[in-house]
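**Q** Quick one: structure below, then a few questions.
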Amino acid sequence: MIRLIGFFVGVAFTVAVLWAFATGAYTAATEPAAPTAEHEFHRTPRPLHLASDGPFGRWDLQQLQRGYQVYKEVCSACHSLKYVAFRDLAQLGYTEAEVKATAASWTVPGIDPVTGETNTRPGTPTDYFPSPFPNDIAARAANNNAIPPDLSLMTKARHDGAAYVHSLLTGYQDQPAELLKKFPDAKTGPGLHYNPYFANLNLAMAPPLSDDQVTYADGTKATVDQMATDVAAFLTWTAEPSLIKRKQTGWAVMIFLVFATILAWFAKKQVWAPITPKRPKKD
Amino acid sequence: MSFPWAKQYEPKAPLMRYLDEKLPLPRFLYNAVGGGYPVPRNLNYWWNFGVLAGFCLVLQIVTGVILAMHFAANAGVAFNSVEHIMRDVNWGWMLRYAHANGASFFFIVIYIHIFRGFFYGSYKAPREMVWLLGVVIFLLLMATAFMGYVLPWGQMSFWGAKVITGLFGAIPIVGEPIQIWLLGGYAPDNAALNRFFSLHFLLPFVIAGVVILHIWALHIPGSSNPTGVEIKSESDTIPFHPYYTAKDGFGLGVFLIAYCLMVFFLPNFMGHPDNYIPANPLSTPAHIVPEWYFWPFYAILRAFTADILFVPAKLLGVLAMFSSILVWFFLPWLDKSPVRSGHYRPVFKKFFWVLVVDMAVLFYCGGAPAEEPYVMLSQIATAYYFLHFLVILPIVSMIERPNPLPFSITEAVLGSDDKAVMAANATPAT
Ligand code: HEM
């Protein structure tokens, strides 16, 4: 009985899904899906190699400091970094005094201790990076109706995070003539900028970097590519400050586990030896 | 159960004798996973996955309880509290990655465990109850993992919850009220997040309860084995301890190596980047996908794209998705072949491997965007899925001629050579 009912249920589902297949195949044959500009012109990020990559990765502190400088002097005009506190910068190799000084160079929202009114004050190491805009409406108003996203987790929130940030920052170009010929409707709108690495090809962020925009303290030449790489490395750190500690812990754990597992293998072999039949020779 | 030759628990130390009188817990354990549980001597490594599943449950409960100490189930701060765990809590990043990857590995283990059952006919009498309880555990596990994924309140948390609870909306008439009742609102928000947290905390303990029933039911007939031939004599069995404790110990080591590789070196590989974007009801992600372990069922859900008469496609998809797991409940009565093990079933064995490939295709399509050719591929795979369980298996079990079975487990291990059998019979069971 169960088998009979099951048989009919199974056939019913099969017929239903094959019917869907048939209608789908018919639609696909008669009106093939229209190609879109995103589909044809979107590009995946170019590979980027950072010192923190791979199982033996290490932070390149010099590079992280340069990346911090790019964030501070360029990106922070529009982007917040709300999960990072100034004290965290100590991990980039800054001394306590330097952390204090750099914190004080930021202005954070405060409260007047006498009148209780809101005001601003210089930052202290325990403060978090402030947001450049008081609220989302202000952020939209200043940025062609787009909100510049918080950058703390950016490299974890996109596929190929660091490579994506690097490609995006260096990927601005004029809209290809070929694209306009094929998709006249896809012309980049006013206030938007063509970038083949962005999901829908047009984003509201103007190219933020130009050569020699910052002056690196360590004398590195500030090309757009260099700054993009440095800030991508910095954002890799902000997204996961424990990245390197994690990999180092991983090595200790692996060495222990491999050793323990080899022991467990021999223990198993020994326990089983008396009841394991010797493979009989061909008789 | 009890095989007459099962070893008896004999407490020696006075404390153990005292305990045995007042609360015979050590005796219980001895009979469950100690020397007092005789097990077929020929279990292969596919039999390790039950113990591994139990380990995963403990792992999830331990890491989960500690995460819950730092997590805040409030839509305004849940995402921030997870970042707080990642950045400020001592070893918080390790706990969270251990828990998130622990869920994935739990499913890897469970899928292997279930497919072991498919191949070796573990669902057949006298172990139907073990199988039924196993399917219940799987359903509870899916519910637990689904609600857990909502907790960090990222984009995929929110939109996944919205899509999955939206499925109830496909039920005619009562669907929408049910959906609103489940969520405590029209869309996932604070009410939903709070109840999901509460249930996510509760369900693992319910699972632990069902696991106890699952093992209890197993210990009545005892474990099956790769030949599918039942235990006939003492020489077919060995005590669980030390033989299988040693083997499980080694298996656990291999499991932990694979698991820790992911936790420490690729912790976000099985996750979705969008879940590092805070939930935003106003911005729909380009592709909403559930966690990878739901992909086969998600593919079945989305395969139904055409209405049939008065039944809307969405309802068909929902029915099919739930049925695709519910059919497992009927497996013991669909496959009536008296032979358990796929080794001795030449036709069944071929279809088993087709099913494995079919599941792989469904996996792939479930994670892909709802575009051609993935939709058409998933439709073919869905058709096969239902045909396999509801049409092919019953027919094969009626017409197939199985290969000859070994006389006993001992014979399968040692060959029918009399001397070898005698030698094995003489082996003292530790
Ligand atoms: C059956 C066992 C369990 C499974 C399969 C499971 C699964 C999951 C999953 C998939 C997540 C989302 C992970 C992420 O993206 O962060 C999660 C999160 C969470 N789970 Fe569990 N879980 C289990 C048991 C438990 C238990 C027993 C507790 C607490 C008593 C717990 C507490 C939590 C908490 C607090 C979170 C949110 C924190 C976070 O997102 O990392 N879980 N769980």
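**Q** Select from the stretch B:69-104 the residues that are over 11 Å from the mean Cα position of the chain (by Cα) and either on the phi > 0 side of the Ramachandran plot or among the polar types (S, T, N, Q) (or both) and write down the one among them that is surrounded by the most Cβ atoms within 10 Å (Cβ to Cβ).
**A** Filtering the stretch B:69-104 for residues that are over 11 Å from the mean Cα position of the chain (by Cα) and either on the phi > 0 side of the Ramachandran plot or among the polar types (S, T, N, Q) (or both), the one surrounded by the most Cβ atoms within 10 Å (Cβ to Cβ) comes out as B:Asn101.
**Q** As an exercise: evaluate A:Gln213 against (1) open to solvent by 40 Å² or more (accessible area, probe 1.4 Å); (2) in a helix (DSSP H, G or I); (3) more than 30 Å from B:Lys247 (Cβ to Cβ) and give the number of the one condition it does not meet.
**A** It is condition (2) that A:Gln213 fails.
**Q** Have a look at A:Thr249, A:Thr261, A:Thr215 and point out the one that is more than 9 Å from chain B (Cβ to nearest Cβ), at negative phi and not hydrophobic (A, V, I, L, M, F, W, C).
**A** A:Thr215
**Q** Can you pull out every residue in the stretch B:122-178 that is in a loop (DSSP other than H, G, I, E, B), within 14 Å of another protein chain (Cβ to nearest Cβ) and either in contact with a Cys (Cβ under 8 Å, 6 or more places away or on another chain) or within 16 Å of the ligand (Cβ to nearest atom) (or both)?
**A** Matches in the stretch B:122-178: B:Pro152, B:Trp153.
**Q** With (1) within 13 Å of the ligand (Cβ to nearest atom); (2) open to solvent by less than 10 Å² (accessible area, probe 1.4 Å); (3) within 14 Å of chain A (Cβ to nearest Cβ) as the list, and B:Ile207 as the residue in question, which single condition is left unmet?
**A** (3)
**Q** A further question on this structure: Quick one: what pairs do we get from the stretch A:162-175, first residue without any contact (Cβ under 8 Å) to a residue 24 or more places away in the chain, second surrounded by fewer than 22 Cβ atoms within 10 Å (Cβ to Cβ) and among the basic types (Lys, Arg), C-beta under 9 Å, 6+ apart or different chains?
**A** Close Cβ pairs satisfying both conditions: A:Gln175/A:Lys187.
**Q** Let me ask another. Among the candidates B:Phe107, B:Phe115, B:Phe119, single out the residue that is more than 14 Å from chain A (Cβ to nearest Cβ), within 15 Å of the ligand (Cβ to nearest atom) and either under 30 Å from B:Phe389 (Cβ atoms) or open to solvent by less than 20 Å² (accessible area, probe 1.4 Å) (or both).
**A** B:Phe107
**Q** Filter the stretch B:329-350 for residues that are open to solvent by 40 Å² or more (accessible area, probe 1.4 Å) and part of a loop (DSSP other than H, G, I, E, B) and give the result.
**A** B:Lys336, B:Pro338, listed by residue number.
**Q** Here's another thing I want to ask about it. Answer with yes or no whether B:Ala75 is more than 13 Å from the ligand (Cβ to nearest atom), hydrophobic (A, V, I, L, M, F, W, C) and in contact with an Asp or Glu (Cβ under 7 Å, 6 or more places away or on another chain).
**A** yes
**Q** Got at least one residue in the stretch B:37-52 being within 24 Å of B:Gly117 (Cα to Cα), of a type in the set (A, V, I, L, M) and in a helix (DSSP H, G or I)?
**A** yes
**Q** Take the conditions at negative phi, loosely packed, with under 14 Cβ neighbours inside 10 Å and touching a residue at least 60 places away in the same chain (Cβ under 8 Å) and apply them to B:Trp5. Does it pass?
**A** Against the criterion (at negative phi, loosely packed, with under 14 Cβ neighbours inside 10 Å and touching a residue at least 60 places away in the same chain (Cβ under 8 Å)), B:Trp5 qualifies.
**Q** Separate question: Mind checking which pairs have a first residue in the stretch A:96-112 that is within 11 Å of A:Thr126 (Cα to Cα) and free of Cβ contacts under 8 Å to residues at least 40 places away in the same chain and a second that is open to solvent by 20 Å² or more (accessible area, probe 1.4 Å) and part of a helix (DSSP H, G or I), Cβ under 6 Å, 6 or more apart or different chains?
**A** A:Val99/A:Ala90
**Q** Can you run down the residue pairs with Cβ atoms below 6 Å, 6 or more apart or on separate chains, where the first is in the stretch B:184-196 and open to solvent by 50 Å² or more (accessible area, probe 1.4 Å) and the partner is hydroxyl-bearing (Ser, Thr, Tyr)?
**A** Short answer, once both residue conditions are applied: none.
**Q** For residues that are surrounded by 17 or more Cβ atoms within 10 Å (Cβ to Cβ), part of a loop (DSSP other than H, G, I, E, B) and either more than 7 Å from every other protein chain (Cβ to nearest Cβ) or more than 16 Å from the ligand (Cβ to nearest atom) (or both), tally how many sit in the stretch B:250-284.
**A** The number of residues fulfilling the criteria is 5.
**Q** Which count do you get for residues in the stretch B:285-326 that are open to solvent by 40 Å² or more (accessible area, probe 1.4 Å) and assigned to a helix (DSSP H, G or I)?
**A** Residues in the stretch B:285-326 being open to solvent by 40 Å² or more (accessible area, probe 1.4 Å) and assigned to a helix (DSSP H, G or I): 7 in total.
**Q** Which residues, taken from the stretch B:30-62, are surrounded by 19 or more Cβ atoms within 10 Å (Cβ to Cβ) and among the hydroxyl-bearing types (Ser, Thr, Tyr)?
**A** Passing the criteria: B:Tyr30, B:Tyr37.
**Q** Now for a separate question. Scan the stretch B:86-93 and give yes if some residue there is at pLDDT 95 or above, near the ligand (Cβ under 8 Å from one of its atoms) and in the same structural domain as B:Ala192 (by TED's automatic domain parsing), otherwise no.
**A** no
**Q** Now, a different point. For the stretch B:70-104: of the residues being aromatic (Phe, Trp, Tyr) and either within 14 Å of chain A (Cβ to nearest Cβ) or not in a loop (DSSP other than H, G, I, E, B) (or both), which is nearest to B:Val357 (Cα to Cα)?
**A** Only one residue tops the list, namely B:Tyr97.
**Q** Could you list all residues from the stretch A:72-87 that are in a helix (DSSP H, G or I) and surrounded by fewer than 20 Cβ atoms within 10 Å (Cβ to Cβ)?
**A** Within the stretch A:72-87, A:Lys72, A:Glu73, A:Ser76, A:Ala77, A:Arg87 qualify.
**Q** Tell me, which residue of the stretch A:216-253 that is closer than 30 Å to B:Leu261 by Cβ, in contact with a Leu (Cβ under 7 Å, 6 or more places away or on another chain) and not β-branched (Val, Ile, Thr) is surrounded by the fewest Cβ atoms within 10 Å (Cβ to Cβ)?
**A** It comes out as A:Ala239.
**Q** Considering the stretch B:1-36 alone, what residues qualify as being part of a helix (DSSP H, G or I) and either touching a Lys or Arg at 6+ places or on another chain (Cβ under 8 Å) or acidic (Asp, Glu) (or both)?
**A** Those that are part of a helix (DSSP H, G or I) and either touching a Lys or Arg at 6+ places or on another chain (Cβ under 8 Å) or acidic (Asp, Glu) (or both): B:Asp20, B:Glu21.
The values are calculated or read from the model by the stated rules, or taken from the named source; none is laboratory data. Keep in mind that this is a model prediction, so the values were computed, not measured. Because the Cβ atoms are built from the backbone with ideal geometry, glycine has one as well, and the counts that use them run over all protein chains shown. To get the accessible areas, we keep the full protein, side chains included, count just its heavy atoms, and leave off ligands, DNA and RNA. Shrake-Rupley method; radii C 1.70, N 1.55, O 1.52, S 1.80 Å.
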